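A short worksheet on the structure shown next.
Values in this text are rule-based calculations from the coordinates and carry no lab data. Worth saying up front: this structure is predicted, and the values here are computed from it rather than measured. For neighbour counting, all protein chains shown are included, and Cβ atoms are generated from backbone atoms with ideal geometry for every residue, glycine included.
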Amino acid sequence: MTNPARILHVPLLALSLAAATAVVWQGAPATAQEARPQASSQLTWCNSNAVSAAPSVLWTRIKSATADHSDIPSSFWSDVTYRDDIARIACYESTFNYHDINPAGYYGWLQMSKSNIVSESVTFSDYWYGSSTQHAGWYQCTAGERYIHARYGNPAAAWQHELDYGWY
């Protein structure tokens, strides 16, 4: 059972998620049972509704980042399940806010740390602000898709990890 003193309910503001509430951990879990993800209305909502609620710009950036990089498997766009799972991750991690900042130091649609961004061959400046040739979201999808490919192999495995552990 979760110790109620250890969690904080934070209202989320975005799209039709305005009434949803996410559970945010304060500190490390005390037991293995507490380390298991708790049911979250946001996680449930994103699992069911992210695909239809995703802004069109997210689809554009995923498609473009995938097509422009030979190190990102083309299946990340051509496989509908994979691209839908990227949208689910962006929904859960940032409620589709590409300028979302997590207090723990994670940024953008796919909530990446600065070190993970750089390790995926994207500068933080481009990831956050974009460049003269590309929108920030393109860099965020580029870094995020590379990270997913390197760590999980594919977006379905990354989303399953999100469902199992509450993070990817």
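Data overview
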| read-out | value |
| --- | --- |
| Ordering of 45-55, 81-91 by packing [mean C-beta count within 10 Å, highest first] | 81-91, 45-55 |
| Dipole of the stretch 109-164, positive end: most advanced residue of TYR127, HIS161, ALA150 [Cβ charges, Cα centre] | TYR127 |
| Prolate/oblate/rounded call for the stretch 39-165, Cα gyration tensor, a/c under 1.5 rounded | rounded |
| For the stretch 95-168: rounded, prolate or oblate by the Cα gyration tensor [a/c cutoff 1.5] | prolate |
